[in-house]
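The structure under discussion appears below in the form of structure tokens.
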2 protein chains.
Amino acid sequence: MVEYNDVLNQTFRALADPTRRAMLEDLRRGPKTIGALAEPFAISFAATSKHLGILEDARLIRREKQGRERLCHLEPGAMQEAKAWLEQHAAFWNSALEALETALNE
Amino acid sequence: MVEYNDVLNQTFRALADPTRRAMLEDLRRGPKTIGALAEPFAISFAATSKHLGILEDARLIRREKQGRERLCHLEPGAMQEAKAWLEQHAAFWNSALEALETALNE
DNA sequence: TTAATGCTCAACTTTTTGGTTGAATAAAAT
DNA sequence: ATTTTATTCAACCAAAAAGTTGAGCATTAA
């Protein structure tokens, strides 16, 4: 396997799982404990913890110890590179389609 | 595993692999045959064909039969949903940061 | 102090992924 | 007509991912 951009790899991989995306969406409503995040899913606590570990490795969230609980927060910034990658591709298409349009109008 | 958005799943999964991202980037320079796409990588023809199958399933490319070769083209549009997802998240952060800034300026 | 709660860790299983090789197919070149 | 070229297919393999269960560790509540 090629390995030249770990950040993009980790980000896209983290986002490829619907459970993890749902957790990120959940966290937009504010910080939550692991238990609260696990609740909507039919998976074990440990599985949830693993998903959050992947999100944390990808710097998409941060886990903060708070007494015996752990609060998860969204982490800004990590998504930027992935977003930039997609936008660059979209830009390619926009310009390609514009060129086509221009050509058709001639 | 939860399964409520196959399009996002497939797109992000397809983009999570660096070989596949490199192939997409390669295709921005114009359509290429499978052989040409395989060339920069130390993997077999069959492996390349599989990667392209995943990209095709995700509607990121299209394979067009052309004689005994197959030309691959980038496919616009499929990336939009993934891009929109990321932009929505980024927007969340922008507004959160703006709110913070406003609060600090008071 | 003991019991319960919130979470992680370690070991294990199953499924998916990314790769291989060799045979099959279809078109092009000889 | 035969061979070479371009690609796919099928069967397989190893490693990674996603899940499980049960033990272990802090912290809080009784």
Inset, instruction - Within 10 Å of each Cβ in peptide B:21-31, how many partner chain Cβ atoms are there on average? Round it to a whole number, please. - result: 2
Inset, instruction - Could you sort out which of A:Lys65/B:Lys83; A:Lys83/B:Lys32; A:Lys32/B:Lys83 sit more than 30 Å apart by Cα distance in this structure? - result: A:Lys65/B:Lys83
Legend entry - Spacing of the two label points (7 Å from each Cα toward its C-beta) at B:Thr102 and A:Glu69, in nm: 2.8
Inset, instruction - Would you mind counting up the charge near B:His89? Only other residues with Cβ under 9 Å from its Cβ, with Lys and Arg at +1 and Asp and Glu at -1. - result: 0
Legend entry - FRET efficiency estimate (nearest 0.05) - Cβ-Cβ, B:Ala91 to B:Ser49, R0 30 angstrom: 0.20
Legend entry - Average beta-carbon neighbours from other chains, 10 Å sphere, peptide B:77-89: 5
Inset, instruction - Averaged over every viewing direction, what's the projected area of the C-alpha convex hull for chain B? Give it in nm², one decimal, please. - result: 9.7
Inset, instruction - About the Cα centre of the protein assembly as shown, how large is the charge dipole given +1 on each Lys and Arg Cβ and -1 on each Asp and Glu Cβ? Please answer in debye to the nearest 20. - result: 700
Legend entry - Ordering of B:20-32, A:16-28 by packing [mean C-beta count within 10 Å, highest first]: A:16-28, B:20-32
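Computed from the coordinates by the stated procedures, all read-outs in this text should not be read as laboratory data. This structure is a prediction, so every number in the text was calculated from the model and none was measured. Cβ: placed from backbone, ideal geometry, glycine included. Neighbour counts: every protein chain shown.
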